[in-house]
Amino acid sequence: MLNNKNGIIFGVANKRSIAWATALALHEAGAKLAFTYQGDRLKENVEELTNEAMPGSLLLSCDVSKQDEVDEAFRHIGEKFGRLDFLIHSIAFAPREALGGEYLNTSREAFLTALEISAYSLPQLARAAAPLMTEGGSIVSMSYYGAEKVVAGYNVMGVAKAALEASTRYLAKDLGPRNIRINAISAGPIQTLSARGVSDFSTMLKHHAERAPLGRNVEPREVGQTAVFLCSSMSSGITGEVIYVDCGYNIMGI
């Protein structure tokens, strides 16, 4: 489905990352992948994963809070791949103290950090990727239901995800004339390293499974398979959308 397609993935932290499940699905579909990492500790994790599952993958240092690192990463992509067909944005961060208690008490620093890393990085990376998407392309980001409804403890990250989803729509308008599509996947709660920072996350998982029409929590591979669809020609008419992969939880009322 993705043979002869080149893609870059931002956000792999470990084997439980949604980004890694997505990488495996894209690899199985035939794509050639590059990965970014932030810092030596995450580099070791990404190296270990890729050496075992897809040796020879291109690994690039990239801290999205440093524009020079973003520029350098995409310069390398241009040199090694020549053309880029898709980009996976699976980056989100907020200080741990901002993911609990009252949103009312969010500090300016925590707010700016969450919005910069989790939301601004999408247009930032799209701007860098677009010149390499010479034959059109697809950009996929990861969101969550807390972008539109209050989820206790999600706080500033919900605000950041709302900005991410709004950015998706505005970027779809800007990138459409270049035949570049951009969509977000709103996944149900998944037990990842970053999710553990949300207060009482285990209760969130239990509630979701009880309320979702499918009676369970979503699996990372299901998110990855949706990303494959969105990166393929099968979704050629879809852009600016938020695709829910949450076992139907978002449709439920009382």
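Odds and ends about this structure:
- Near the amide H of Thr36, within less than 5 Å, lie the amide hydrogens of Ile9, Gly11, Val12, Leu60, all on another chain or at least 5 residues away, with H placed in the peptide plane.
- Accessible area expressed per residue, the stretch 100-144, with surrounding protein chains retained (probe 1.4 Å, Å²): 46
- Shape call, the stretch 144-254: gyration tensor on alpha carbons, a/c limit 1.5: prolate
- The stretch 1-89, accessible area per residue, ligands and nucleic acids excluded (1.4 Å, Å²): 47
- Other-chain or far-sequence residues with amide H under 5 Å of Ser143's (modelled H): Ile185, Ser186, Ala187
- Spherically averaged projected area of the convex hull of Cα atoms, the stretch 1-149: 9.7 nm².
- Shape metrics for the stretch 102-189, restricted to C-alpha atoms - Rg then Dmax, Å: 14.2, 46
- Choice from Met157, Met234, Met142 showing the highest fluctuation, given a GNM over the chain with Cα pairs closer than 10 Å: Met234
- The chain - percent of accessible surface contributed by carbon and sulfur, probe 1.4 Å: 51
- Histogrammed with a bin width of 5 Å, the alpha carbon distances of the chain distribute as 1, 6, 14, 18, 21, 18, 12, 7, 3, 0, 0 percent, first bin at zero.
- Per residue, the solvent-accessible area of the stretch 207-254 (1.4 Å probe, heavy atoms of protein chains only, all protein chains present) comes to 53 Å².
- About the Cα centre, charge dipole magnitude for the stretch 69-163 (Lys/Arg +1, Asp/Glu -1 at Cβ), debye: 160
The values are calculated or read from the model by the stated rules, or taken from the named source; none is laboratory data. Computed from a predicted structure; not experimentally measured. Note that we place each Cβ from the backbone using ideal geometry, even for glycine, and neighbour counts take in every protein chain shown. Areas reflect the complete protein model, heavy atoms only, side chains present, ligands, DNA and RNA absent. Shrake-Rupley method; radii C 1.70, N 1.55, O 1.52, S 1.80 Å.
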